[in-house]
Amino acid sequence: MMDELQIIHWLAGFIVLAEALNKAERTCPLAAGLSAHERLLAWLKAVAWFFLALGAAGAVVAPVLLALGVPSGATHLLRLERPTLAETAVLFGFAVLIVRTRVKEG
């Protein structure tokens, strides 16, 4: 069961990372002609996608670092351990929403 959980976690992280980078690239909070409200919404969107990308990147890179033999205590910013069910569920939920949107768009 743990191996399946790790695979789902990594795959979901990859999907969320790809979408987050795509959305972050297209978000322009400094664009000319935005009202204060539109600018605030654009900044919130950019910050949200940035943090989703950061979290997803951690999910993608952690198993690679573990496979390379990097010890768990080597970094304070990234916990190099097997994912929990809660972490996997959240990331998988985001990935499903992203895939659903892409399928809906055709």
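The values are calculated or read from the model by the stated rules, or taken from the named source; none is laboratory data. On a predicted model such as this, the values are computed, not experimentally measured, just so you know. Here the Cβ positions follow ideal geometry from the backbone for every residue, glycine too, while neighbour counts run over all protein chains shown. Calculation scope for accessible area: heavy atoms of the full protein, side chains included, ligands and nucleic acids excluded. Shrake-Rupley method; radii C 1.70, N 1.55, O 1.52, S 1.80 Å.
Data overview
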{"item": "Ratio Rg/Rh, restricted to the range 3-58 and using Cα atoms, in which Rh is the Kirkwood radius", "result": "1.16"}
{"item": "Among GLY69, GLY13, GLY58, residue whose mean-square fluctuation peaks in a GNM of the chain (springs only between Cα atoms under 10 Å)", "result": "GLY69"}
{"item": "Residue of LEU21, LEU30, LEU65 that the Gaussian network model of the chain assigns the largest fluctuation, springs spanning Cα pairs under 10 Å", "result": "LEU30"}
{"item": "Extension gain from LEU97 to VAL64, taking 0.36 nm per residue of separation minus the Cα-Cα distance", "result": "9.3 nm"}
{"item": "Helical segments meeting 20 Å axial Cα length and Kyte-Doolittle 1.0 threshold in the chain (DSSP H)", "result": "36-67, 85-105"}
{"item": "Separation in nanometres of the label points that stand 7 Å from Cα toward Cβ, at LEU54 and ALA86", "result": "2.0 nm"}
{"item": "Cβ-defined net charge surrounding CYS28, 15 Å radius [Lys, Arg +1; Asp, Glu -1]", "result": "+2"}
{"item": "Solvent-accessible heavy-atom area per residue, rounded to whole Å², over the chain at 1.4 Å", "result": "69 Å²"}
{"item": "Highest-fluctuation residue, GLU81, GLU19, GLU38 considered, GNM on the chain with Cα pairs under 10 Å", "result": "GLU38"}
{"item": "Net charge of neighbours whose Cβ lies under 13 Å from the Cβ of ALA48, counting Lys and Arg as +1 and Asp and Glu as -1", "result": "+1"}
{"item": "Overall dimensions of the chain as given by Cα atoms, namely Rg and Dmax in Å", "result": "16.2, 52"}
{"item": "Rounded percent of accessible protein surface that carbon and sulfur make up, the chain, 1.4 Å probe", "result": "72 percent"}
